[in-house]
Amino acid sequence: AAAARHRLLPEGRVAGPMPWVIAIMMFLTVLAAAAGLGLGTAVKSVGAELAGRVTVQIVEANADRREELSGRAARLLRESGDVQAVHPVDPAALADQIKPWLGEEAVSGDLPIPALIDVELTPGSAHARVDRLRKAMAALSPNIRIEPHAAFLQPLGRLLAALGGLAAGIVLLMAIATAAIVVLAARAAHDSHRGTIDVLHLMGATDVQIARLFQRRIGLDALFGGLLGFAVALLVILLLGARLTATGSDLLAAISLPWTSWLILAALPLGGVLLATLAARWTVLRSLGRLL
């Protein structure tokens, strides 16, 4: 029986192209999963950072009146219990930032540029705090506006969420494709060893015992391919992470993987082996059942 088993499914070597195909599938699966997890982390990180920040705009054409309103608004904000920190934006710095688009008119003083105040809210419900600040600023002047930073993040958040959903869909499709590859490989192995299977049946082997031989071989091939694909994908993720950090962009730097995400990625090769083993067992048992 042992000799027949080794002739049926030789062990100790990579058999056929299936391990390499699984390696490619695992490589793409890990990259897609890492992209989805990283984008999810970025949405949460940026959202949490901007949810408690607003910008106060004083859109007054008269420069003296604008400066007066800016000072009164800053004092009122500092006295508010909803505000944690107030940072008036230097008009000169603001003019330098818009100079590349507006030219020298941005620093000439002839163009009325709104005065800006960056505000950090205290922890808690940002919507209620913003509403109270709007009422307080409206009572001060109708030319004062409050713009929550999170409002500008909503389109980007929806985009990142859509990309994360796409990554999850790709992972699911990769799992289905991997199972289909294993089913085809198991059927081919079963058909090519039909004579040996008949001999094993005559020797008293059950369908479960024969299926166990196939699932062991395919499981080992899936383990080899999964670990290979995971190792290459891990190298690519680390290289991309270094490139994202080197850009200096706060948004791109927010695309990171916490330790829980690394655990999920590490579980993917094991999940691939389990999926391949179960698919091989189901395929072989079904094929053996048709022989009866």
> Pick from region 265-292 the residues that are assigned to a helix (DSSP H, G or I) and open to solvent by 90 Å² or more (accessible area, probe 1.4 Å): which of them is farthest from residue 197 (Cα to Cα)?
Replying inline: 270
>> Of all residues being crowded, with 17+ Cβ neighbours inside 10 Å and out of contact with any Ser or Thr (no Cβ under 9 Å at 6 or more places or on another chain) in region 115-140, which is nearest to residue 33 (Cα to Cα)? Just the residue, please.
In response: 126
> Name the residues in region 145-169 that are under 30 Å from residue 31 (Cβ atoms) and not hydrophobic (A, V, I, L, M, F, W, C), would you?
Replying inline: 154, 155, 157, 158, 164, 165, 169
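Specify which of the listed residues (123, 142, 112) is touching a strand residue (DSSP E or B) at 6+ places or on another chain (Cβ under 9 Å), farther than 27 Å from residue 25 by Cα and either hydroxyl-bearing (Ser, Thr, Tyr) or not in a helix (DSSP H, G or I) (or both).
On the way: 142 fails: touching a strand residue (DSSP E or B) at 6+ places or on another chain (Cβ under 9 Å); 112 fails: touching a strand residue (DSSP E or B) at 6+ places or on another chain (Cβ under 9 Å).
Of the residues listed, the single one that is touching a strand residue (DSSP E or B) at 6+ places or on another chain (Cβ under 9 Å), farther than 27 Å from residue 25 by Cα and either hydroxyl-bearing (Ser, Thr, Tyr) or not in a helix (DSSP H, G or I) (or both) is 123.
Please work out if residue 30 is at pLDDT 75 or above, of a type in the set (Val, Ile, Thr) and in a helix (DSSP H, G or I). Break it down into steps so the answer makes sense when it comes.
Numbers: at pLDDT 75 or above: yes; of a type in the set (Val, Ile, Thr): yes; in a helix (DSSP H, G or I): yes.
Criteria met by residue 30.
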> Which ranges mark the helices (runs of 4 or more DSSP H) fully within region 150-261 that have 2 or more residues being at pLDDT 85 or above and crowded, with 16+ Cβ neighbours inside 10 Å?
Replying inline: 207-246
>> Of all residues being surrounded by fewer than 18 Cβ atoms within 10 Å (Cβ to Cβ) and within 15 Å of residue 219 (Cβ to Cβ) in region 11-27, which is modelled with the highest pLDDT? Just the residue, please.
In response: 16
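The values are calculated or read from the model by the stated rules, or taken from the named source; none is laboratory data. Because the structure is predicted, anything quoted here is derived from the model rather than measured. All Cβ positions, glycine included, derive from the backbone under ideal geometry; neighbour counts span all protein chains shown. What goes into the accessible areas is simple: the full protein's heavy atoms, side chains included, and nothing from ligands, DNA or RNA. Shrake-Rupley method; radii C 1.70, N 1.55, O 1.52, S 1.80 Å.
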